[in-house]
């Protein structure tokens, strides 16, 4: 009688598998937006109507249209909701996506008695920026040229720092800015 081959042992190490790495990110979303919700439900209703129309006109299954369109609808909705995000591929602030090699530091302003926090990104001087990327008007709380205002309760600085240590290159720093200036965030042990 032959014995079955031994089970492969899962790889060890800190690097997540390829499939899992796609979903690993740090993300902060905008507050609820009626406009984004209306767009989502309008796109779903339009897709169902198109599927029904094509199903009758071309005698094809309408479910095919829904299955093909659904990933695009979900992606559009997620892009509308995302205020700040980074992962292994780079960083996104608002509608601007930056590769990690263009980012010098992430500046966080988290006033203790305010409802909103500000996250800014300061690129390296002279770093190539994507076409159409122009610095935003100056925000009084942050000196970074690209910034976004997020609800304070959605900002988790410890989680952001831990994820940045995992995904961002070593040259990227996270600093907290306040009235006394900027100070680096101490990584959580």
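Sort 40-53, 93-106 for me by packing, meaning the mean count of neighbouring Cβ atoms within 10 Å per residue, highest on top. Intermediate values should be presented prior to the final figure.
Numbers: 40-53: 14.2, 93-106: 17.1.
The packing order, highest mean first, is 93-106, 40-53.
Can you figure out the FRET efficiency of residue 96 with residue 127, using R₀ = 22 Å and their beta-carbon distance, to the nearest 0.05?
Calculated value: 0.95.
Stretching the chain fully between residue 183 and residue 143 yields a gain of 13.1 nm (0.36 nm per residue, less the alpha carbon separation). Find how many whole Å separate the alpha carbon centroid of the stretch 84-108 from the alpha carbon centroid of the stretch 133-189. First find each Cα centre; the distance between them is then 10 Å. The distance between label points at residue 116 and residue 50 comes to 3.4 nm (points 7 Å beyond Cα on the Cα→Cβ vector). Shape analysis of the stretch 26-81 yields a ratio of the Cα radius of gyration to the Kirkwood radius, Rg/Rh, of 1.11. In plain terms, the chain from residue 166 to residue 152 could stretch by 2.7 nm, reckoned as 0.36 nm per residue minus the Cα-Cα distance.
Tell me the relative contact order for the stretch 26-81 as a rounded percent, counting alpha carbon contacts under 8 Å between residues six or more apart. Walk me through the intermediate numbers first.
On the way: 32 pairs, mean separation 23.3, N = 56.
Dividing the mean separation by the residue count of the stretch 26-81 yields 42 percent.
Given R₀ = 25 Å, what would the calculated FRET efficiency be for residue 88 paired with residue 38, taking r from the Cβ atoms and rounding to 0.05?
The value I calculate is 0.15.
Bear in mind these aren't lab numbers, they're just calculated from the coordinates by the rules spelled out. Being a predicted model, the structure only gives us computed values, none of them experimental. Using ideal geometry, Cβ is built from the backbone for each residue, glycine included, and neighbour counts are taken over all protein chains shown.
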